[in-house]
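The values are calculated or read from the model by the stated rules, or taken from the named source; none is laboratory data. Quick caveat: nothing in here was measured; it's all calculated off a predicted structure. Quick reminder, even Gly has a Cβ in these numbers, built from the backbone with ideal geometry, and neighbours come from all protein chains shown.
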Amino acid sequence: MTPPSGVGGLARPHRILLVEDDPAEARLLEEAFELAGGGVTLERAADGEAALARLRSGGDRIDLLLLPLHLPGPGGRELLAELKGSPETRRIPALVLSSGGSEADVLATWDAHANAFLRKPGNLDDLAALAGSIRRFWLRSVQLPG
Amino acid sequence: MLAGDDAAPGPADGSPDGGRLPQLESGRVMEILHVEDSPGDRLLTEEALKEATVPNRLWIAKDGEEAMAILRHEPPFGDVPRPDLILLDLNLPRKDGREVLAEVKADPSLRRIPVIILTTSSAEADIRRTYDLHANCYITKPVGLDQFLSVMKALEEFWLRNVTLPPR
């Protein structure tokens, strides 16, 4: 693959769109990615509509989407259905990151073509470990859609 | 069909280490279906997954038709468990990996199974088309052994240790 470079082992800087209504939660995740090695810009959309508007507006390419199950307004599952049903957004990898969710929620998320379902850890150390795994797999090992 | 079938079937060497193994009921082995026609590539993947800390069992399909027969429990594969994860090559005899992907993701009883494309192809058209067909991710196998093992380690860490798989 690519040799380690100036952005914490990533071949280029990456941009992740995080759908999150709580700015403090977003900052925590940002810190987790920093602790995991950086090289990642986290952009926040406060709800599903803002996320869709951002993705459809052009602008810098989004490499990866992180979305929760529960959102103000239409929920994560509705957002996922919209993303994965639309030719302009369906190929962007969408990882559901949720601190809750029943077994039925997990199943419905996979059935709606989420690229993966992740449990959101409650503390920064575990969140940084998860961010590290996302970086090593999605940003270093996987071919992202162009 | 079970990888390394001269040995007793069972989990690879790794055993639960008391760490984060939240996604499976305790004691259950993760079932992985590897669809790959090249014996060399099968062996490499098998070796890489033996290092995994999550107990797993690798099943082999040598072409796309065999993969579909296994997934649909057709004879003689009735006893093969439904996989938790599919590793899918694209260029396969009989039925091609792209067709397998399309069939799996169009089938309401199979589409929830994560499909990881593991191929030598790095063609932009393949990457786009497979994501459009709802492949869960796309990996171009690196040629060098060390790089391959490092990718497989990242795969194992993400898919076997961190992801919450669909309940069975």
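For segment B:121-141, filtered to residues that are facing chain A (nearest Cβ under 8 Å) and either at pLDDT below 95 or part of a helix (DSSP H, G or I) (or both), the residue that is surrounded by the fewest Cβ atoms within 10 Å (Cβ to Cβ) is B:E124. Among the residues making up segment B:95-112, a single one is surrounded by 21 or more Cβ atoms within 10 Å (Cβ to Cβ) and in a loop (DSSP other than H, G, I, E, B): B:R112. Candidates are the residues of segment A:119-128 that are farther than 23 Å from A:E103 by Cα and in contact (Cβ under 8 Å) with a residue 12 or more places away in the chain; the one that is farthest from the other protein chains (Cβ to nearest Cβ) is A:L124. Scan segment B:142-154 and give yes if some residue there is more than 9 Å from chain A (Cβ to nearest Cβ) and in contact with a Pro (Cβ under 6 Å, 6 or more places away or on another chain), otherwise no. Scanning segment B:142-154 turns up at least one residue that is more than 9 Å from chain A (Cβ to nearest Cβ) and in contact with a Pro (Cβ under 6 Å, 6 or more places away or on another chain). Only residues that are touching a residue at least 60 places away in the same chain (Cβ under 8 Å) and of a type in the set (D, E): list them for segment B:27-61, please. Scanning segment B:27-61 gives B:E36, B:D41, B:E51. Here A:A108, A:A94 are screened, and the one residue that is modelled with pLDDT of 95 or more, surrounded by 18 or more Cβ atoms within 10 Å (Cβ to Cβ) and of a type in the set (A, V, I, L, M) is A:A94.
Entry remark, segment B:95-115: residues being facing chain A (nearest Cβ under 9 Å) and touching a residue at least 24 places away in the same chain (Cβ under 8 Å) number 4 in total.
Out of all the residues in segment A:66-75, is one or more farther than 27 Å from B:L133 by Cβ, within 14 Å of chain B (Cβ to nearest Cβ) and either crowded, with 16+ Cβ neighbours inside 10 Å or among the β-branched types (V, I, T) (or both)? No, that holds for no residue.
The requirement of being among the aliphatic types (A, V, I, L, M), under 25 Å from A:A131 (Cα atoms), more than 9 Å from chain A (Cβ to nearest Cβ) and crowded, with 22+ Cβ neighbours inside 10 Å is satisfied by B:L118. When the criteria are applied in full, B:F158 meets the requirement of being without any contact (Cβ under 8 Å) to a residue 12 or more places away in the chain and not in a loop (DSSP other than H, G, I, E, B).
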